[in-house]
Amino acid sequence: MKKYVIGLDYGTDSVRAVLIDTENGSEIASSVSYYQRWKEGKYCDPSANSFRQHPSDHIEGLEKTISEVVRESGIPPEQIVSICIDTTGSSPLPVTREGKALALVPGFEENSNAMMVLWKDHTAIREAEEINTLAKTWGGEDYTKYEGGIYSSEWFWAKILHISRVDEAVKNAAYTWMEHCDFMTFLLSDHQNVADFKRSRCAAGHKAMWHESWGGLPSEEFLNRLDPSLGKLREKLYKETFTSDQIAGHLNEEWAAKTGLTTNTVITVGTFDAHSGAVGAKVEENTLIRIMGTSTCDIMVASGETIGDTTVKGICGQVDGSVIPGLIGLEAGQSAFGDVLAWYKDILMWPVHQIMMHSESISEEQKTKLAGEMEHELIRKLTLEAEKIPHADTVPVALDWVNGRRTPDADQELKAAISQLSLGTKAPHIFKALVNAICFGAKKIVDRFEDEGLKINKVIGIGGVARKSPLIMQTLANVLDMSIAVAASDQTPALGAAVYAAVSAGIYPTVQEASRKMGSAFEAEYHPKPEDAKIYRELMLQYQKLADFVEHNTKLKNSRKELQNS
């Protein structure tokens, strides 16, 4: 009897499910559900870097996508043997003692602080600074050392500490907190005890300072020094963590009925999208996987012998088993990648939304049609024009920090900048500068890994940007001066989740073997052009000068602000 598995990938805007044949990784059916409340802009304040998502968006998408791939495939339910979920992260949410999302409890339905705090939420900058200062000065273990030595406002403890300070009601009503990948897995599972539910190793290790060398999470004493509420929370979290080749439970009766599956279906320990994406792209040692979307995550794996006692500085963690059991998973990334270009597009679309859409010169039908055409064509036209700009032309120099800097050396207070503008600068020049900037940001990550002794022989790009933008991929190859292969799958993270599901169901003995059999093929490869690579080395120096200037003045400004406050 053939066996099939389902991988679910929760992205920033939507959830997608794929039904996969475990023999060869072929996609039998897929379904996508967009988050309606998120699409409407609810519960977010971009000007304050506050991004929250209602769990109902995710729960509704879970039912829709799974039931659709089961129904459309026509595969008998008993042959669909396992499900694994990957999500963005760190994206924690508060839950009750029973594991119910607090935003589903009467009185908290419209309270954004009771919702999932999305990965890109940066409201906890001050709290992250406190964690970093305490870790270096309290006289005990530096709990940030396996997190790159710098704790980020994008991560678990900083976000919880911030919410507990700004919302007493949420702090008191939350029994515990769960990462998004753990919560969605718990929702499906028949194992309904929050206290001993199997939590994700990758989420805990990369974002919550969990490490086996100090017995799990940071000590109660350390957390109490930040806030006594964190010390109390520690006991309601977890001690052990589990890799995503393990079984978290089986599908419970409620969700079996909703999805059309059986209660024999295995529910696999959850994971993060970047880690499953790497598995879906057949990650191996000395390979850098770049998951390129609104932001990027850059994933590598290395043996314990290769890493030794090294703690790689300025990245987003190194965790045993977070990507492949038995190997150290290393994560880095850019807080904004596709978001940099989306930001520019939004700026250029401002007169369309604010003037044209309110015009009385054309009909409502014409307004809608024109706005749609501009939304659809703008990036494509900018790309075509940017490709025509010769290197001899003066192109501005830009930074990619529109959402702060994740790696190397996380600093979410940093802002982007553009220099060398002139009266000859046109929209395509700025677009090209932004493309250069996101590629220069990628180069800084590669340099950090290699400076720390991790050799990179191969780069693989996955995600929408990798597949849809030859301009970005060729620029990236030139900037890195390395060839870049592009994974063919539209849904590489979901495919990677399916790989984990196949292992947990016992179809393959290891993640490596399952990845080799089920992982994505490659559809393209970009090679650096020697002359262009030489030019980009010179432009990289200009990027670095601008980056140093902005970072220095940001720190100077913050120092003055701290003096005034004191």
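Would you say A174 is at negative phi and either aromatic (F, W, Y) or touching a residue at least 40 places away in the same chain (Cβ under 8 Å) (or both)?
So A174 fits the description; yes.
Search the range 293-334 for residues being among the small types (G, A, S) and not in a loop (DSSP other than H, G, I, E, B), and hand back the single one that is farthest from G461 (Cα to Cα).
Selected residue: G304.
Taking E60, is it under 30 Å from A174 (Cα atoms), among the acidic types (D, E) and in a helix (DSSP H, G or I)?
So E60 passes the test.
Taking W119 as the residue in question, decide whether it is under 29 Å from K207 (Cα atoms) and free of Cβ contacts under 8 Å to residues at least 60 places away in the same chain.
no
Go through (1) within 26 Å of the chain's Cα centre (by Cα); (2) surrounded by 14 or more Cβ atoms within 10 Å (Cβ to Cβ) one by one and return the number of the condition A521 breaks.
(2)
Among residues belonging to the range 34-48 that are in a strand (DSSP E or B) and of a type outside the set (S, T, Y), point out the one that is surrounded by the most Cβ atoms within 10 Å (Cβ to Cβ). Talk me through it step by step, then tell me what you get.
Kept after step one, since they are in a strand (DSSP E or B), are these residues of the range 34-48: 34, 44-45.
Next cut, of a type outside the set (S, T, Y) only: 44-45.
Working: C44: 20, D45: 13.
Here the answer is C44.
From S26, S31, S56, which residue is free of Cβ contacts under 8 Å to residues at least 60 places away in the same chain, among the hydroxyl-bearing types (S, T, Y) and surrounded by fewer than 15 Cβ atoms within 10 Å (Cβ to Cβ)?
Answer to the selection: S26.
Do we find that V486 is surrounded by 13 or more Cβ atoms within 10 Å (Cβ to Cβ), in contact (Cβ under 8 Å) with a residue 60 or more places away in the chain and either hydrophobic (A, V, I, L, M, F, W, C) or not in a helix (DSSP H, G or I) (or both) in this structure?
It is false that V486 is surrounded by 13 or more Cβ atoms within 10 Å (Cβ to Cβ), in contact (Cβ under 8 Å) with a residue 60 or more places away in the chain and either hydrophobic (A, V, I, L, M, F, W, C) or not in a helix (DSSP H, G or I) (or both).
Which is assigned to a loop (DSSP other than H, G, I, E, B), small (G, A, S) and at pLDDT 95 or above, of G7, G99?
Working: G7 fails: assigned to a loop (DSSP other than H, G, I, E, B).
Unique residue meeting the criteria: G99.
Is one or more of the residues making up the range 502-520 outside any helix (DSSP H, G or I) and touching a Pro at 6+ places or on another chain (Cβ under 9 Å)?
So far as the range 502-520 goes, yes, one or more of its residues are outside any helix (DSSP H, G or I) and touching a Pro at 6+ places or on another chain (Cβ under 9 Å).
If I445 satisfies all but one of (1) out of contact with any helix residue (DSSP H, G or I) (no Cβ under 7 Å at 6 or more places or on another chain); (2) over 28 Å from I291 (Cβ atoms); (3) of a type in the set (V, I, T), what's the number of the condition it fails?
The one condition I445 does not meet is (2).
Which ranges mark the helices (runs of 4 or more DSSP H) fully within the range 200-259 that have 2 or more residues being within 22 Å of S322 (Cβ to Cβ), at pLDDT 95 or above and touching a Phe, Trp or Tyr at 6+ places or on another chain (Cβ under 7 Å)?
201-207
Could you list, in sequence order, all residues of the range 10-33 that are assigned to a loop (DSSP other than H, G, I, E, B) and not β-branched (V, I, T)?
G11, D13, E23, N24, G25, S26
Could you tell me whether E531 is touching a strand residue (DSSP E or B) at 6+ places or on another chain (Cβ under 6 Å) and surrounded by fewer than 22 Cβ atoms within 10 Å (Cβ to Cβ)?
No, not satisfied.
Quick one: is N113 within 22 Å of the chain's Cα centre (by Cα), assigned to a helix (DSSP H, G or I) and either among the polar types (S, T, N, Q) or surrounded by fewer than 22 Cβ atoms within 10 Å (Cβ to Cβ) (or both)?
Yes, satisfied.
Can you name the condition, by its number, that S112 falls short on among (1) within 20 Å of G61 (Cβ to Cβ); (2) of a type in the set (G, A, S); (3) without any contact (Cβ under 8 Å) to a residue 60 or more places away in the chain?
So the condition that S112 fails would be (3).
Inspect the range 438-450 for any residue being basic (K, R) and assigned to a loop (DSSP other than H, G, I, E, B) and give the result as yes or no.
No - not one qualifying residue is present in the range 438-450.
Considering the range 122-148 alone, what residues qualify as being free of Cβ contacts under 8 Å to residues at least 60 places away in the same chain and among the polar types (S, T, N, Q)?
Once the filter is applied, which keeps residues that are free of Cβ contacts under 8 Å to residues at least 60 places away in the same chain and among the polar types (S, T, N, Q), the range 122-148 yields N132, T133, T137.
For E538, all conditions in the list (1) outside any helix (DSSP H, G or I); (2) acidic (D, E); (3) free of Cβ contacts under 8 Å to residues at least 24 places away in the same chain hold save one; what is the number of the exception?
In the conditions (1) outside any helix (DSSP H, G or I); (2) acidic (D, E); (3) free of Cβ contacts under 8 Å to residues at least 24 places away in the same chain, E538 misses (1) alone.
When the range 313-353 is examined, which residues are found to be of a type in the set (A, V, I, L, M) and free of Cβ contacts under 8 Å to residues at least 24 places away in the same chain? So that I can check it myself, show each step before the final result.
Residues of the range 313-353 that are of a type in the set (A, V, I, L, M), as a first pass: 315, 319, 323-324, 327-328, 330, 332, 336, 340-342, 347-349, 352.
Those that are of a type in the set (A, V, I, L, M) and free of Cβ contacts under 8 Å to residues at least 24 places away in the same chain: I347, V352.
Give the residues of the range 272-292 that are of a type in the set (D, E, K, R) and within 11 Å of A497 (Cα to Cα), sorted by residue number.
First pass over the range 272-292, keeping only residues of a type in the set (D, E, K, R): 273, 282, 284-285, 290.
Listed by number, the list holds a single entry, D273.
Kindly evaluate G441 against the criterion of being small (G, A, S) and touching an Asp or Glu at 6+ places or on another chain (Cβ under 6 Å). Talk me through it step by step, then tell me what you get.
Working: small (G, A, S): yes; touching an Asp or Glu at 6+ places or on another chain (Cβ under 6 Å): yes.
In short, yes.
Can you pull out the residues in the range 151-183 that are small (G, A, S), in a helix (DSSP H, G or I) and surrounded by 24 or more Cβ atoms within 10 Å (Cβ to Cβ)?
A158
Sort out which residues of the range 310-362 are among the charged types (D, E, K, R) and closer than 28 Å to E154 by Cα, and write them in order of number.
Quick first cut of the range 310-362, residues among the charged types (D, E, K, R) only: 313, 320, 331, 339, 345-346, 360.
Those that are among the charged types (D, E, K, R) and closer than 28 Å to E154 by Cα: K313, D320, E331, D339, K345, D346.
Which one is surrounded by the most Cβ atoms within 10 Å (Cβ to Cβ) among residues in the range 260-271 that are farther than 18 Å from A497 by Cα and polar (S, T, N, Q)?
Looking at residues that are farther than 18 Å from A497 by Cα and polar (S, T, N, Q), I get T262.
Condition (residue is surrounded by 19 or more Cβ atoms within 10 Å (Cβ to Cβ), hydrophobic (A, V, I, L, M, F, W, C) and either at pLDDT below 95 or part of a helix (DSSP H, G or I) (or both)) applied to the range 340-363: is it met by at least one residue? Spell out how you get there, then give the answer.
At the first step, the residues of the range 340-363 found to be surrounded by 19 or more Cβ atoms within 10 Å (Cβ to Cβ) are 340-341, 344.
Now drop any that are not hydrophobic (A, V, I, L, M, F, W, C), which leaves 340-341.
Add one more test, that the residue is either at pLDDT below 95 or part of a helix (DSSP H, G or I) (or both), and what stays is 340-341.
Yes: one or more hits.
Among the residues of the range 187-199, write down those that are buried (at least 24 other Cβ atoms within 10 Å of the Cβ) and part of a helix (DSSP H, G or I).
Within the range 187-199, just L188 meets the criteria.
Could you look through the range 385-404, keep only residues that are surrounded by 12 or more Cβ atoms within 10 Å (Cβ to Cβ) and either outside any loop (DSSP other than H, G, I, E, B) or hydroxyl-bearing (S, T, Y) (or both), and pick out the one that is farthest from the chain's Cα centre (by Cα)?
If we take residues in the range 385-404 being surrounded by 12 or more Cβ atoms within 10 Å (Cβ to Cβ) and either outside any loop (DSSP other than H, G, I, E, B) or hydroxyl-bearing (S, T, Y) (or both), then T394 is farthest from the chain's Cα centre (by Cα).
The values are calculated or read from the model by the stated rules, or taken from the named source; none is laboratory data. The model shown is predicted, which means the values in this text are computed figures rather than measured ones. When we count neighbours, we look across all protein chains shown, and the Cβ atoms used for this are built from the backbone with ideal geometry, even at glycine.
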